[in-house]
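Below: the structure, in structure tokens.
Read-outs: derived from the displayed coordinates by stated rules, not from any lab. For clarity, every value in this text was computed on a predicted model and none was experimentally measured. Cβ: placed from backbone, ideal geometry, glycine included. Neighbour counts: every protein chain shown.
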Amino acid sequence: MPRKARFKKGTRVEPPHQQPPAAPPVSSPSDDDDWLIPPPPVMVVSPQRLFCNPFVRPGANQDLSHRPLTLMILLCSLHVGHIEHINYIFSSLLLDSEGIIKQAKMSLREAIERSLNGSKIILRFNEELQAVGDRAGLLSGILGALGSDYSKFPICEKSWLKVRGKDRVYDDCIKEMFHFQDSSGLIKKLFLKQMGKSWKDTRGRLFDSHYKPTRTLEQNLEQHPEGIPREHWKWFIEYHNDPATKAKCKQNALNRKKQLYMHTGGSKSLARAREEESQLQGRTVGRGEVWILKHKRSDGSYIHEEARRIGEKISELEQLDESTRILSENDSLAQALGKEHPGRVRGMGHGPTLSQLFRPSSQPPVDRAQVEETQRMLCELQAEVTTEKLKRKAIEDELAVEKTKR
């Protein structure tokens, strides 16, 4: 039987808008425990093959008519070959349909089921608008599951930019499952980018696992992956075997071989690792320190000689000048690895760009203390309003009972 969530006493308040903290917030160990991200799913099974929903126990008679259809499809479309991963337990903060915030421990399956019942998982972000904490792991798993769901995003497109339906999936799934504020649209852009990476990477894995050059075209079409229509699979085989596509794949493979600095962090994002290390150190750690941490084995040794050379150079620079620990275009990591590549910032993970981190902003600096005080006052007011509503409802219920007695 699936493990049930354990709740602590809830506080009836509306959750505040997330704001960049002045320093990494201290959270309880239960909020940031490691968990394994569920593998990407393969989508709805083709009509010729029977599908057994792993989330419905035999004999269960559940009324799902009131639940959002897209989330129901997501619930049913996780890869049945990896069912063991859907039961991993992680910590979370839930906002239910009545505005009550509760702490809970749940699996991926339970998280989706609670979303179908109106609860949302409250996300937390760092200064760079990257999701952090244990809930960020769940978010990553859901984004990967959605991106590799070819019933939502067809496989027969040359690039993610041309895929349609992204806004609908974002509204029906992401916003139904998670609670966050995104007035600038930057968080949505990042989420869609992560789904696009999953869409692209899973295509390559499916081709390698299902296509065999020794088979005839008809035989390969018969072996199309579950959930992908035969005609879509045919289009993808022809696209993948096109000389231009083969040349691009070959170049990409060569580029991957040149990557010397593969980290040992597994599925945990750099943003989560940086925040957790900052909490352990009691200060904000730089990307150079995180780089060293991610390129060492569990016994403390570097993964290879080149990583050791770079790591020792970073440590030497930071010992000579502690200011190189602070994120900048000339910090310890930048000096050790050289000029940044366009489109991304090394050691920061998904999301942050060069212009976002290093270019001067035209906006005035934010008074973080004032923001936090305003946020606290807003929470108190919201709690008072909610309490008054409950009192009024209790009085109305009592009056209704009295009327029935007369």
* What are the lysines whose alpha-carbon lies under 17 Å from the alpha-carbon of Lys102, with same-chain residues fewer than 8 places away excluded? -> Lys4, Lys8, Lys9, Lys120
* Structure fact -> Percent of all Cα-Cα pairs per 10 Å bin for the stretch 105-156, counting from 0 up to the last occupied bin, reads 21, 44, 29, 5
* Asked: Under a point spin-label approximation (7 Å from Cα along Cα-to-Cβ), what is the Arg344-Trp235 distance to one decimal in nm?
  -> 2.8
* **Spatial extent of the stretch 175-228: Rg and Dmax, with the Cα atoms as the point set, Å** => 17.6, 52
* Spin-label model distance (nm) - Ala400 vs Lys246, 7 Å beyond Cα toward Cβ -> 7.2
* To do: Could you sort 98-106, 126-134 so that the peptide with the highest average Cβ count within 10 Å comes first and the rest follow in order?
  => 126-134, 98-106
* Structure fact -> Most exposed first, judged by fewest Cβ atoms within 10 angstrom, Thr324, Thr386, Thr216 run Thr216, Thr386, Thr324
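Under the classification rounded if a/c is under 1.5, otherwise prolate if a/b is larger than b/c and oblate if not, where does the stretch 270-358 fall, given a ≥ b ≥ c as square roots of the Cα gyration tensor eigenvalues?
Here the stretch 270-358 falls in the rounded category.
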* Structure fact -> Taking Cys156, Cys173 and counting other beta carbon atoms within 10 angstrom, the fewest-first order is Cys156, Cys173
* Asked: What is the spin-label model distance, in nm, from Ser151 to Ser301 if the labels are put 7 Å beyond Cα along the C-beta direction?
  -> 4.8
* Considering every Cα-Cα pair within the stretch 142-253, what fraction, in whole percent, is farther apart than 17 Å? -> 57
* Pairs of Cα atoms under 8 Å, at least six residues apart: use those to get the relative contact order of the stretch 113-180, whole percent. => 44
* Greater than 22 Å apart at Cα, pairs in Lys105/Lys188; Lys105/Lys294; Lys212/Lys250; Lys200/Lys257; Lys162/Lys339 -> Lys105/Lys188; Lys105/Lys294; Lys162/Lys339
* Structure fact -> Scoring the stretch 232-331 by relative contact order with C-alpha pairs under 8 Å, at least six apart, yields a percentage of 22
